[in-house]
Amino acid sequence: MPGITTHYRATPDRLGTYPIVCNLLCGLGHSLMRSAVHVLPPARFQQWLSSSRSAAGSQPGGGGGGAGL
Ligand SMILES: [Cu+2]
């Protein structure tokens, strides 16, 4: 729903990429509300974190974007 922030919780006990599907019938566009959670090894996560911080520092507004995997 516009203006409402929702949260998902993931338990990262296995490496991989897992789909996230909106679980609230929230209105127009609900069927398109898809995302993913990526569970990475610690070194790979640190690499992603460093590159995200670099990208955020070089873009107006500081957006870090997605996981970029
Ligand atoms: Cu939805």
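Only the coordinates and a few stated rules stand behind these numbers; no lab work does. Note that this is a predicted model, so its numbers are computed, not measured. For neighbour counting, all protein chains shown are included, and Cβ atoms are generated from backbone atoms with ideal geometry for every residue, glycine included.
Taking the Cβ of Asn23 as the centre, find all other residues whose Cβ is under 15 Å away and add up their charges (Lys, Arg: +1; Asp, Glu: -1).
+2
By the gyration tensor of its Cα atoms, with a ≥ b ≥ c the square roots of the eigenvalues, what is the shape of the range 16-58: rounded for a/c under 1.5, prolate for a/b over b/c, or oblate?
Numbers: a/c = 5.14, a/b = 1.90, b/c = 2.71.
Note, shape of the range 16-58 comes out oblate.
Report the full-extension gain for the segment Thr17 to Ser31: residue separation times 0.36 nm, less the Cα-Cα distance, to one decimal in nm.
Length gained between Thr17 and Ser31: 3.0 nm.
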